[in-house]
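Okay, so here's the structure we're looking at.
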Amino acid sequence: MKHKQNNIFSSQTNNQRSLYMKKYIFIVSFLLLCWRLNATPITGYEYWFDSDTSNKVTVMTTDTSITIETIYSGLDVSSMNRGLHFLYVQFKNSEENVGDVQSMYFIIPDSPPWTNPDNRITGYEYWLDNQFNERTIIPVDNLESFTITTDIDYSSLNRGIHFFHIRFRDSEGKWSCVQSNYFVIPDNVLPWTNPNNVLTEYQYWIDSHFDQIVSGTIDNLSSFNITTDVDYSYLNRGLHFFHIRFKDSEGKWSCVQSNYFIIPDVLPWTNESNVLNEYEYWLDNQYEQKVSGTTNNVKSFTISENIDYSTLNRGLHFFHIRFKDSESKWSCVQSNYFIIPDIEPWSNLNNKIIAYKYWYDDNTAGTELITLQEPVNPYELNTAFTVPNFSEGTTHSFNIQFMDLEGMWSSVITSEFTFNNSIPVADAGLSDEYVYLGQSVELTGSTTDPNNDPITAYEWVIVSTPVGSTLGGTTVSTSDFNFTPDVVGDYQISFRASDGLAWSDADYVTVHVAENQVPVAVISADVTSGKAPLTVNFDGSQCSDPENVQLQYEWDFGDGSPVSNEISPAHIYNTPGIYNVTVKVSDGFNPPVESNITITVLIPNYPPIAICKDVTVYANATQCMANASIDNGSSDPDNDEITITQEPPGPYPLGNSTVSLTVTDEHGLSSSCNANVNVIDNTPPVVLTKNPTVTLVKGTASITIDDVDNGSYDNCGIAEMSLSKSTFDCSDGGRTVDVILTVTDVNGNTATGTSIVSVIGEIPSIGISVYPPYTVPGEDKNTIYLGYGYQSVTLTASGGTNYSWTSDPPGFTSNVANPTVSPTDTTTYTVTVTNDYGCTGTMSITVIVVDWRCGNGDHKVKVCHNGKTICIDTHAVQLHLEHGDYLGDCNPNNGHDNGDINPDPPNNDNISVRLKQNNPNPFATTTEIQYFVSQQAHATIVLTDIEGSEIARLIDMTVKAGWSSLIMNGSNLSAGTYYLRLESMGKVDILGITKY
């Protein structure tokens, strides 16, 4: 079966014609196909709108070029209602014959674009097939009409059917619908290049009755009238189609022109009294929403109703109408389609192709119906068609129709083509093949066909051979050819193929056949002598072939065993003796060549003797295992070299392990024995420590093994660790403590290590001060004199964060650092101090109480005045003291003690300055300074550094006579030596003090 394929790049359904261009479906066609019903000149025409035949307009004219389009262009339709309308025209000739009614539809929109009288054409664009992206855009200068003079180059197009598309743009930027025409690129000359082309033949048929085609000839005319009576009598009532096409003097057929007509039940024109009395119409398939009306028994009438299309969706729609006559017969349904556009109906048509069917010549029985998987824009359809196996050089027609989304079929598009076939191309492969005599030749041919036709036959022929060959003329009919040359020389073979229509040109290959040289056999063995059983590894890899042909091997080991075809086989000889080994090497072309080698096999060998012993070893220091040998003098009776192995090979774990020892001689004979390996661990652990630091919290701190261990290890594993000390208290604070880490391994071995633990913390360093230290200047320190001076003192403890006071005798408690006490008897006060580490300490101080009261009610005090004890009022005491009197009785041993104060200045000077050792010196923060002036006078005390530079002025005022004291705060001073300088009444005294 011969198949050909042509591509149809695009097509256009009837429904894709724009409504606004006011063109009928088949207006654009070849000039030669235009024709009229009458060959006689016209004398006029009449036209009417819609069904308003009562308002027909008659126009007299002899203009033969007038068409329904030119008639419509001169009509004023601006006053008509919006919606779908029809224009009907009939032409009349001088014989009063009228032609068929021609019709065209048009739409009156809400705002007709043609109401702009100044609208002009400003440009156009055209393209071929579906090459919209390669369209040509031509601007024009605002014309109402013009002639396209552009030359369009078709020379690059393939033979077959093609389409020419064009559309126009007006001055309002609106595009017209696309006008499309198909044309055929034939095998020879384009038919329209012949200016003398005329019509020579026509064919017409009704519906799909191609078997009843009526043909006629035309006497080489450019136009003519068909005067043949068409017989409709055999047709059923209903809708039918009349099809016609024309052939020109180039033998090319036009496309098919089709019009529909209706066969009613009873021809209405045979009953002169029959009239129309009812009608009904509807949109799309909305028959249940039809609109009915009466016509008052008329033969013709106008439907004046306004039809509202505003609610319809954009896209393709149908208007259907039918009429009932006075015999109650309904006419067939008249249908017309129209398009509801988005905004500009000619610029956005959403109708698409969903199916197409095609056939060749008049063979409608062979029609192929193709349903597309999804709707396709007609300009994007790209498909191929299968062409039957026509005879070479014959002419045929290709017919196609398209179905749109509404199920409407387009008119039939017809194109003629001449069936020409290109011969296949045969390829025999390489032009030269080189083989050796006796070697098989394998040839594989390949073919291509310019028309993609299947290859139906092949032929290989040995065209020429060397002298003496019997293969000349050999022929095979397959795509592959195998043969074996029989003599040395050149063989020429031809190859060709057929597509069933023609044979390809032959392609040739030459096979060059040469003599083959014998191979070279060289063999060796790894051993040629030894005791049985003897394993010999033979090597045949050194064999070679001058032509590098792959060699075949056949080994005969000389002991009756099967032959081997390996290149380098291994063989075991179990029986002593001398063996002649032969190998045959063949290249497949020449007789095999041989090579020999002799193998000597000696008497069998005796196995070695294995002797074992039990051993005890110690585990090594890094692993809890040990290597050991259980050999106890194994040997070989033949004095062969032996190899000793143990299984398991070791090292061995702790405890007893059963070990097998195997002794093997150089011939592979062996013997074995067993023994025990006992591994003992005697290695102590390795102790590694680190030196932690702990801080006392609430008087205690603790450590764990992890705080001390720094990665101690043992070859067999650690069982336990312990510490000599793990808790610390205040007695350990402020020092380091040696802690012993003891490590014991799993086998009881022990070792120790020392960790130095630093303990942060301390027992408080407590201090107690009394203020004022002297309740009466010049009297004893820390002493209260009942009846005179301060009767209470403040005790201030330091060195901690929490304080607890008690007294002896009991009766006083306090939890502050500086309580104030007023004892009436000598009392010892004890403070317990707790610091930040939770450590505690105690310190005591005694406040002495002296009772020198006298008089009635004890409101006076005793004073020693000039060696006599007197009882005076407290207001007079100071004056007495300033003159050298003192409190208490005049008894020299009455217990009165001025401590370190000497009321008499040393060396009879007027000024004396000194620091008391317990107050303290050296000092840390504060210290008490007592000074004496013999009489009331101005005095200064200055603190200086060792160079005499003044640091602070402690007093600069008039002081009373006698002893006085002050507290100096030296916390801001740096550690070192300083001097106090007392100056009064022209006298100076200097004393050194120390700050730490």
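Quick notes
- Residue in the stretch 988-996 that is in contact (Cβ under 8 Å) with a residue 40 or more places away in the chain, within 30 Å of D885 (Cα to Cα) and among the polar types (S, T, N, Q) present: no
- The number of residues in the stretch 766-795 being modelled with pLDDT of 90 or more, hydroxyl-bearing (S, T, Y) and assigned to a loop (DSSP other than H, G, I, E, B) comes to 2.
- Here H571 passes the criteria (1) in a strand (DSSP E or B); (2) in contact (Cβ under 8 Å) with a residue 40 or more places away in the chain except the one numbered (2).
- Considering the stretch 595-710, the qualifying strands (runs of 3 or more DSSP E), each wholly inside and each with 3 or more residues that are within 30 Å of D738 (Cβ to Cβ) and within 59 Å of the chain's Cα centre (by Cα), run over 693-695.
- Residue within the stretch 548-557 that is part of a loop (DSSP other than H, G, I, E, B) and modelled with pLDDT of 95 or more present: yes
- Long-range neighbours under 8 Å by Cβ, at least six apart or interchain, first residue within 16 Å of F923 (Cα to Cα) within the stretch 960-977, second surrounded by fewer than 17 Cβ atoms within 10 Å (Cβ to Cβ) and charged (D, E, K, R): G976/D945
- In the stretch 112-215, counting only strands (runs of 3 or more DSSP E) that sit wholly within it, the ones holding 1 or more residues that are modelled with pLDDT of 80 or more, surrounded by 17 or more Cβ atoms within 10 Å (Cβ to Cβ) and among the basic types (K, R) span 160-170.
- On inspection, F398 fails the criterion of being at pLDDT below 80, surrounded by 15 or more Cβ atoms within 10 Å (Cβ to Cβ) and in contact with a strand residue (DSSP E or B) (Cβ under 8 Å, 6 or more places away or on another chain).
- Test: residue in the stretch 699-721 that is within 30 Å of P819 (Cβ to Cβ) and surrounded by fewer than 16 Cβ atoms within 10 Å (Cβ to Cβ): no
- Scope the stretch 551-562; condition of a type outside the set (A, V, I, L, M) and either surrounded by 12 or more Cβ atoms within 10 Å (Cβ to Cβ) or touching a residue at least 24 places away in the same chain (Cβ under 8 Å) (or both); matching residues: Q552, Y553, E554, W555, D556, F557, G558, D559, S561
- Conditions (1) at pLDDT 65 or above; (2) over 30 Å from V275 (Cα atoms); (3) in contact with a Phe, Trp or Tyr (Cβ under 6 Å, 6 or more places away or on another chain); number of the one not met by P378: (3)
- Single residue of the stretch 803-816 satisfying the filter (surrounded by fewer than 15 Cβ atoms within 10 Å (Cβ to Cβ) and touching a strand residue (DSSP E or B) at 6+ places or on another chain (Cβ under 7 Å)) that is farthest from Y886 (Cα to Cα): N815
- For the stretch 394-410, the count of residues that are among the charged types (D, E, K, R) and either part of a loop (DSSP other than H, G, I, E, B) or in the same structural domain as A497 (by TED's automatic domain parsing) (or both) is nonzero.
- Residues of the stretch 755-765 classified as part of a strand (DSSP E or B), among the hydroxyl-bearing types (S, T, Y) and surrounded by fewer than 19 Cβ atoms within 10 Å (Cβ to Cβ), total: 1
- Only listed residue being closer than 30 Å to V435 by Cα and surrounded by fewer than 19 Cβ atoms within 10 Å (Cβ to Cβ), chosen from N537, N574, N565: N565
- Of the residues making up the stretch 568-576, none is more than 20 Å from D665 (Cα to Cα), touching a Leu at 6+ places or on another chain (Cβ under 7 Å), aliphatic (A, V, I, L, M) and not assigned by TED's automatic domain parsing to the domain that holds S440.
- Cβ-Cβ distances below 9 Å connect the following pairs, each with a first residue in the stretch 812-827 that is free of Cβ contacts under 8 Å to residues at least 24 places away in the same chain, a second residue that is assigned to a loop (DSSP other than H, G, I, E, B) and hydrophobic (A, V, I, L, M, F, W, C), and a separation of six or more residues or different chains: T827/F812.
The values are calculated or read from the model by the stated rules, or taken from the named source; none is laboratory data. Just so it is clear, the structure is predicted and the values come from calculations on it, not from any experiment. Positions of Cβ are backbone-derived with ideal geometry, glycine not excepted, and every protein chain shown enters the neighbour counts.
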